[in-house]
1. From 37, 67, 32, which residue is in contact with a strand residue (DSSP E or B) (Cβ under 7 Å, 6 or more places away or on another chain) and over 20 Å from residue 6 (Cα atoms)?
2. For a quick check of your reading of the model, give me the residue pairs whose first member lies in the range 111-139 and is free of Cβ contacts under 8 Å to residues at least 60 places away in the same chain and at positive phi, whose second is outside any loop (DSSP other than H, G, I, E, B) and surrounded by 14 or more Cβ atoms within 10 Å (Cβ to Cβ), with beta-carbon atoms closer than 7 Å and at least 6 apart or on different chains.
3. Check residue 99 against each of (1) touching a residue at least 60 places away in the same chain (Cβ under 8 Å); (2) surrounded by 14 or more Cβ atoms within 10 Å (Cβ to Cβ); (3) in a helix (DSSP H, G or I) and name the one condition it does not meet.
4. Quick check: is even one residue across the range 56-76 in a loop (DSSP other than H, G, I, E, B) and either at pLDDT 95 or above or more than 23 Å from residue 11 (Cα to Cα) (or both)?
5. Hey, can you tell me all the residues within the range 100-134 that are touching a strand residue (DSSP E or B) at 6+ places or on another chain (Cβ under 8 Å) and more than 19 Å from residue 84 (Cβ to Cβ)?
6. Can you list residue pairs whose Cβ atoms sit under 6 Å apart, with the first residue in the range 21-42 being in contact (Cβ under 8 Å) with a residue 24 or more places away in the chain and on the phi < 0 side of the Ramachandran plot and the second being part of a strand (DSSP E or B) and surrounded by fewer than 14 Cβ atoms within 10 Å (Cβ to Cβ)? Count only pairs 6 or more apart in sequence or on different chains.
7. Read through the list (1) within 13 Å of the chain's Cα centre (by Cα); (2) exposed (fewer than 14 other Cβ atoms within 10 Å of the Cβ); (3) at pLDDT 95 or above; (4) more than 22 Å from residue 133 (Cα to Cα), then give the number of the only condition that residue 93 fails.
């Protein structure tokens with residue numbers, strides 16, 4: 001099971017956006033941008049579902065998900081892809097955290113749910129010789 005390293009957490013703390021990828025039951029991909037993401041533990045992150053209609057539908061049928069994060073402001077640029085299995089919560093502690101996070105920045109918005117990604121793999125997307133490698137191979 002992959003764990004978020006300090007380097008990955010640093011990039012996540014600096015990014016202004018994430019790309020979230022899912023597939024429907026037929027394997028048709030869907031990629032959307034999102035902003036509201038929170039680290040829950042070394043192997044779980046939470047995404048606030050405000051406008052993730054197709055993403056939500058896909059997770060119901062196929063919970064495999066990937067999230068890409070990057071920091072374009074550093075040289076050399078750094079990026080990572082987190083892969084794992086997603087679940088959706090519409091009430092409870094994690095959902096309440098999603099609501100609080102969104103309301104702090106956008107009081108007029110309310111998440112429909114919280115999407116929790118249980119991370120199984122982390123891949124390097126930074127330019128260079130480690131691009132595409134599992135982070136466990138380069139540590």
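1. Just one listed residue meets the conditions, 32.
2. 132/123; 132/124
3. Residue 99 satisfies every listed condition except (1).
4. Filtering the range 56-76 for residues in a loop (DSSP other than H, G, I, E, B) gives 62-63, 72-76.
Checking which are either at pLDDT 95 or above or more than 23 Å from residue 11 (Cα to Cα) (or both) leaves us with 62-63.
Looking for residues that are in a loop (DSSP other than H, G, I, E, B) and either at pLDDT 95 or above or more than 23 Å from residue 11 (Cα to Cα) (or both), one finds at least one in the range 56-76, hence yes.
5. Listed by number, the residues that qualify are 101, 102, 111, 112, 126, 130, 131.
6. 21/31; 23/29
7. (1)
Residue-wise test of (1) closer than 23 Å to residue 106 by Cα; (2) surrounded by fewer than 14 Cβ atoms within 10 Å (Cβ to Cβ).
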{"position": "17", "(1), (2)": "yes, yes"}
{"position": "26", "(1), (2)": "no, yes"}
{"position": "29", "(1), (2)": "no, yes"}
{"position": "69", "(1), (2)": "yes, no"}
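The values are calculated or read from the model by the stated rules, or taken from the named source; none is laboratory data. Everything numeric here is computed off the predicted structure, so don't read it as measured data. Because the Cβ atoms are built from the backbone with ideal geometry, glycine has one as well, and the counts that use them run over all protein chains shown.
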